[in-house]
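> Quick one: the structure is below, and I'll ask about it shortly.
The values are calculated or read from the model by the stated rules, or taken from the named source; none is laboratory data. Since the model is a prediction, treat every value here as computed from it, not as a measurement. Cβ sites come from the backbone with ideal geometry, for glycine too, and all protein chains shown count toward neighbours. Just so you know, the surface numbers come from the protein's heavy atoms only, side chains and all, with ligands and any DNA or RNA stripped out. Shrake-Rupley method; radii C 1.70, N 1.55, O 1.52, S 1.80 Å.
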Amino acid sequence: INNGKYFHLMKIDETDRKILHLLQVSAKMTISQIARKLGLPLTTVHNRIKKLELEGVIRNYTVVLDYHKIGKEIAAYIFLTVDYKVLQERGISQSQLALQLKKTPCVKEVAMITGNQDILLKVRVTNVAELNSFVTEDLRNIEGIEKIQTHLILQEI
C-alpha cells in the first residue's frame, strides 16, 4: 500500500538491474554508452529506460554534489521528537511538518522514523555557527517539535 493506494510491483530482470546500476553510477551516461557497456542494441536500452521511467522505477535524474568543494563542510543528523497534541492543535500532521522541514535549504533528507524519535533530518551547513542557528533559532521555534537531538557526522563512507 502506498499512501492508502494500491500499486503494482514491476518485474525487473537482470538487464534492467544492470541498466539501473549504470545510471546510478552516472546519470549522465548516454544510451549509446550503456548499450555499448552491456552489449545491447540502442533501441533495447532506450525502450527499457523509457519503461522504467513510465513505471516510476526511475523517478528523477539528479546531481550528487561534493559538499566540501562548495563549502558545506558540516553534516549532521538531527532527531526530532514531535508533540502530537500541539500538531493537532495547529491542524497539521507529522507528514506536513516533515514536508515543511524539507523545504529548508540546509535540510537534505527527511525521514519519518520509528523508535524514541519521530523525524530524522540530514542537514548540510557551512559551519557550526550555521548549525547552531538552524537548531536554536529555527527548529526550537517550530510549535510541535518537542525535543531535538543533534549528531555531527564525523566521516561519511
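> Among the residues of region 52-79, how many are surrounded by 14 or more Cβ atoms within 10 Å (Cβ to Cβ) and in a helix (DSSP H, G or I)?
2
> Return the residue satisfying two criteria in turn: it lies in region 90-109 and is basic (Lys, Arg) and without any contact (Cβ under 8 Å) to a residue 40 or more places away in the chain, and of such residues it is surrounded by the fewest Cβ atoms within 10 Å (Cβ to Cβ).
LYS103
> Just wondering, is there one or more residues in region 33-51 that are open to solvent by 50 Å² or more (accessible area, probe 1.4 Å) and small (Gly, Ala, Ser)?
Yes - at least one qualifying residue is present in region 33-51.
> Also, quick follow-up: So MET112 passes all but one of these: (1) open to solvent by less than 90 Å² (accessible area, probe 1.4 Å); (2) of a type outside the set (Asp, Glu); (3) in contact with a strand residue (DSSP E or B) (Cβ under 8 Å, 6 or more places away or on another chain). Which condition number does it fail?
(1)
> Which one of LEU121, LEU87 is touching a residue at least 12 places away in the same chain (Cβ under 8 Å) and either of a type in the set (Phe, Trp, Tyr) or in a helix (DSSP H, G or I) (or both)?
None of the others qualify; the one that does is LEU87.
> Could you check, for region 133-154, whether at least one of its residues is under 23 Å from GLN24 (Cβ atoms), assigned to a loop (DSSP other than H, G, I, E, B), modelled with pLDDT of 95 or more and among the aliphatic types (A, V, I, L, M)?
Among the residues of region 133-154, at least one is under 23 Å from GLN24 (Cβ atoms), assigned to a loop (DSSP other than H, G, I, E, B), modelled with pLDDT of 95 or more and among the aliphatic types (A, V, I, L, M), which makes the answer yes.
> Further question: Those residues that are assigned to a strand (DSSP E or B) and either at pLDDT below 95 or β-branched (Val, Ile, Thr) (or both), I need them from region 108-118; list them, please.
VAL110, the sole residue that qualifies.
> Let me ask something else about it. Scanning for something touching a residue at least 24 places away in the same chain (Cβ under 8 Å), of a type in the set (A, V, I, L, M) and surrounded by fewer than 13 Cβ atoms within 10 Å (Cβ to Cβ), does region 9-21 turn up at least one residue? Can you show your working first?
Pass one, region 9-21, residues touching a residue at least 24 places away in the same chain (Cβ under 8 Å): 10, 12, 15-16, 19-20.
Subsequent filtering for residues that are of a type in the set (A, V, I, L, M) retains 10, 12, 19-20.
Okay, now just the ones that are also surrounded by fewer than 13 Cβ atoms within 10 Å (Cβ to Cβ), so 10.
Yes, the conditions are met somewhere in region 9-21.
> Hey, another quick one. Scan region 115-148 for residues that are polar (S, T, N, Q) and open to solvent by 60 Å² or more (accessible area, probe 1.4 Å) and report the count.
Summing the residues that are polar (S, T, N, Q) and open to solvent by 60 Å² or more (accessible area, probe 1.4 Å) in region 115-148 gives 5.
> Sticking with this structure for a sec: Being part of a helix (DSSP H, G or I), touching a residue at least 12 places away in the same chain (Cβ under 8 Å) and under 21 Å from the mean Cα position of the chain (by Cα) is the filter here; which residues of region 24-51 pass it?
none
> So, in region 22-32, exactly how many residues are in contact with a Leu (Cβ under 7 Å, 6 or more places away or on another chain) and either among the acidic types (Asp, Glu) or buried (at least 16 other Cβ atoms within 10 Å of the Cβ) (or both)? First the steps, then the outcome.
Kept after step one, since they are in contact with a Leu (Cβ under 7 Å, 6 or more places away or on another chain), are these residues of region 22-32: 29, 31-32.
Applying the additional criterion that residues be either among the acidic types (Asp, Glu) or buried (at least 16 other Cβ atoms within 10 Å of the Cβ) (or both) yields 31.
Final tally of qualifying residues: 1.
> Continuing with the same structure: In region 136-150, is there at least one residue being touching a residue at least 24 places away in the same chain (Cβ under 8 Å) and under 22 Å from ASP66 (Cα atoms)?
no
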